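The values are calculated or read from the model by the stated rules, or taken from the named source; none is laboratory data. Computed from a predicted model, the values in this text were never measured in an experiment. With ideal geometry, Cβ positions are generated from the backbone for all residues, glycine too; neighbour counts draw on all protein chains shown.
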Amino acid sequence: MSKLNVIVCAKQVPDPEGPADAFQVDSEAKKIIPVGIPPVINPFDENALEVALRIKEHHAATVKVISMGGQLARPVLRKALAAGADDLILLEDPHFKDLNSFSTAYVLASAIKKMEGYDLILTGRQAGDWDFGVTGLLISEILQIPGISFAQKVEIEDHHVLVEKLSLNGYEVVKAPLPVLVTVSGEAGELRYVSVRALQGVGKKPIETYTAKDLEIAPASLEGRKIVDLVSTNVRRECKFIEGVSPLEKGENLAACMKNEMLI
């Protein structure tokens, strides 16, 4: 089998593990503003990258990572190179900011078409910020290739992909010919540990950058995300002390309190 070309689409998002009160809602501008929250690679996309690196370990494969946005943090995205990816391609243009899912997929598909062939495209099952979960399959539709979602395991066999696809009652095994796009779920496993030394080692590795002009995309053809309304919820905090003569009584009182508050 000839060398596989694997592409991973990775989105930069504010760290989903950040505290909820660090995200401010600007209702007038219809924006969510993370305060003091560092950008990270979308966790589901890291799952996809880990799958790509496992394939690289078992087959002759090249792994390229693509990320799209307005102002991408190169030190954050270089983590993909430090983990073992061969190349990092950034799609940076002011017109790429806050696009809807279809326009995002269109830009990514345009960049993939520009590359020298591809066999397997991997994305996370959804993004950690908006959680739409449709961009990956939209890419497959635009490229007119098979698309398989919610993968917990991906293997290559005889120029086909074998995917364990999550379902309500477990998983089903799906087989499709290459090229194919697969969206990867968290069950596939976390990205391997990346050391500081590895990050330093890729600090000067060149990164390809494409703009809308490079991809021959007319900015007028791109549509932004349309938010009808965005409001913040009033979070009320109240501290209650659970009384009781014995630990058993305190536990019973705690359970009764949680039931009254509809927490259980």
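For the condition touching a Pro at 6+ places or on another chain (Cβ under 7 Å) and either modelled with pLDDT of 95 or more or surrounded by fewer than 23 Cβ atoms within 10 Å (Cβ to Cβ) (or both), Y106 does not qualify. Condition first: β-branched (V, I, T) and at pLDDT below 80. Now tell me which residues in segment 1-32 satisfy that. V25, I32, listed by residue number.
Being within 24 Å of V134 (Cβ to Cβ), crowded, with 17+ Cβ neighbours inside 10 Å and modelled with pLDDT of 95 or more is true for just one of L99, L91, L72. Which residue is that? Walk me through how you get there before you give the answer.
On the way: L99 fails: modelled with pLDDT of 95 or more; L72 fails: modelled with pLDDT of 95 or more.
When all the criteria are applied, what remains is L91.
Any residue at all in segment 108-116 that is under 16 Å from the mean Cα position of the chain (by Cα) and over 25 Å from P146 (Cβ atoms)? No; the residues of segment 108-116 include none that is under 16 Å from the mean Cα position of the chain (by Cα) and over 25 Å from P146 (Cβ atoms).
Scanning segment 36-53 for residues that are without any contact (Cβ under 8 Å) to a residue 24 or more places away in the chain and either under 30 Å from H159 (Cβ atoms) or surrounded by 11 or more Cβ atoms within 10 Å (Cβ to Cβ) (or both) yields one hit, I37.
Hey, any hits in segment 213-225 for a residue that's part of a loop (DSSP other than H, G, I, E, B), over 23 Å from the mean Cα position of the chain (by Cα), β-branched (V, I, T) and exposed (fewer than 13 other Cβ atoms within 10 Å of the Cβ)? Working first, answer last.
Here is the first cut: in segment 213-225, the ones part of a loop (DSSP other than H, G, I, E, B) are 213-218, 222-223, 225.
Pick out the ones that are also over 23 Å from the mean Cα position of the chain (by Cα) and you get 213-214, 216-218.
When the remaining residues are screened for being β-branched (V, I, T), the result is 217.
Within this subset, residues satisfying the condition of being exposed (fewer than 13 other Cβ atoms within 10 Å of the Cβ) are none.
Within segment 213-225 (the criterion being part of a loop (DSSP other than H, G, I, E, B), over 23 Å from the mean Cα position of the chain (by Cα), β-branched (V, I, T) and exposed (fewer than 13 other Cβ atoms within 10 Å of the Cβ)), the answer is no, since none of the residues qualifies.
Scanning segment 226-264 for residues that are surrounded by 12 or more Cβ atoms within 10 Å (Cβ to Cβ) and touching a helix residue (DSSP H, G or I) at 6+ places or on another chain (Cβ under 9 Å) yields I242, G244. For the residues F132, F150, the requirement of being without any contact (Cβ under 8 Å) to a residue 60 or more places away in the chain and crowded, with 18+ Cβ neighbours inside 10 Å singles out F150. Candidates L88, L81: the one that is touching a Leu at 6+ places or on another chain (Cβ under 6 Å), touching a residue at least 40 places away in the same chain (Cβ under 8 Å) and not in a helix (DSSP H, G or I) is L88. Looking across segment 23-60, the residues that are assigned to a helix (DSSP H, G or I), of a type outside the set (K, R) and within 21 Å of the chain's Cα centre (by Cα) come down to P43, F44, D45, E46, N47, A48, L49, E50, V51, A52, L53, I55. When we screen T183, T209 for residues that are in contact with a helix residue (DSSP H, G or I) (Cβ under 7 Å, 6 or more places away or on another chain), part of a strand (DSSP E or B), surrounded by 14 or more Cβ atoms within 10 Å (Cβ to Cβ) and touching a residue at least 40 places away in the same chain (Cβ under 8 Å), the only hit is T183.
The lone criterion from (1) in contact (Cβ under 8 Å) with a residue 60 or more places away in the chain; (2) more than 30 Å from L49 (Cβ to Cβ) left unmet by A255 is number (1).
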